[in-house]
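Here is the structure we will look at, set down as structure tokens.
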Amino acid sequence: LFESGMYDYNKMSDYVNVHKITSINCTPSGFYPLVDYNERTNFSRLITLKHIFLGGESINCKKLKPLVKSINFKGEIINTYGPTEC
């Protein structure tokens, strides 16, 4: 996504917001830092996300709780981790 090849959660958050991204598909461990980074702004830059697909590893619901409880999150989190990964 970015030239550096490194995760920059500020840039990722801006990209989601500016381009009105509605879906994201990644591993839970790749998504948790985005949740942590955006918690301080009550997820205002992730407001357009409607479908969050998490797979490849089990989900730690506790790490997603701040997002799910936020008044700015109106989407759904879909668990795509299944028997193939087990």
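For the reader, a short list of remarks on this structure follows.
- Count of residues meeting criterion [of a type outside the set (Phe, Trp, Tyr) and crowded, with 18+ Cβ neighbours inside 10 Å] in region 5-44: 8
- Cβ pairs under 6 Å, 6+ apart, first in region 57-69 and crowded, with 16+ Cβ neighbours inside 10 Å, second polar (S, T, N, Q): 59/79
- Counting only residues that are under 15 Å from residue 68 (Cβ atoms) and in a loop (DSSP other than H, G, I, E, B), region 1-31 holds 0 of them.
- Qualifying positions in region 32-56 - in a loop (DSSP other than H, G, I, E, B) and modelled with pLDDT of 95 or more: 42, 43, 47, 48, 49, 50, 55
The values are calculated or read from the model by the stated rules, or taken from the named source; none is laboratory data. Worth saying up front: this structure is predicted, and the values here are computed from it rather than measured. FYI the Cβ positions are ideal-geometry reconstructions off the backbone, even for glycines, and counts take in every protein chain you see.
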